[in-house]
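Comments concern the structure below.
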Amino acid sequence: MDISEERFNEWLEDRMKKELKNLIIEAIQNEYPQKFIDTLIKRGKFTEDEVQEIYKELNYKKRPIN
C-alpha cells in the first residue's frame, strides 16, 4: 500500500467516525433505542472514553447501561 492510499484510508475512517458521532448524538437526542445507539458505537469502534465524552457534550452524567 502506498502512502497516498494509506492517507486516504485514514481520512475515510476519520470522516466515517465523525459522521457516526453525529448520528449517535441525534439518536440520543431523539431517544432512539439504546440497542441502536450501541450498534452505532460498535460500528465506529468508539472507546468508552469517547462515548462518555459524547454523553458529556449532551449534558448526560454518564452512558446508560442496559
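Overview of values
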| quantity | calculated |
| --- | --- |
| Matching residues, the range 40-62, being of a type outside the set (D, E, K, R) and not in a helix (DSSP H, G or I) | Gly44, Phe46, Thr47, Leu58, Asn59, Tyr60 |
| Any hit, the range 31-39, residues being without any contact (Cβ under 8 Å) to a residue 24 or more places away in the chain, of a type in the set (Val, Ile, Thr), open to solvent by less than 90 Å² (accessible area, probe 1.4 Å) and part of a helix (DSSP H, G or I) | yes |
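The values are calculated or read from the model by the stated rules, or taken from the named source; none is laboratory data. Because the structure is a prediction, the values reported are computed rather than measured. Cβ atoms come from the backbone with ideal geometry, glycine included; neighbour counts cover every protein chain shown. We work out accessible area using only protein heavy atoms, side chains counted, and drop any ligands, DNA or RNA first. Shrake-Rupley method; radii C 1.70, N 1.55, O 1.52, S 1.80 Å.
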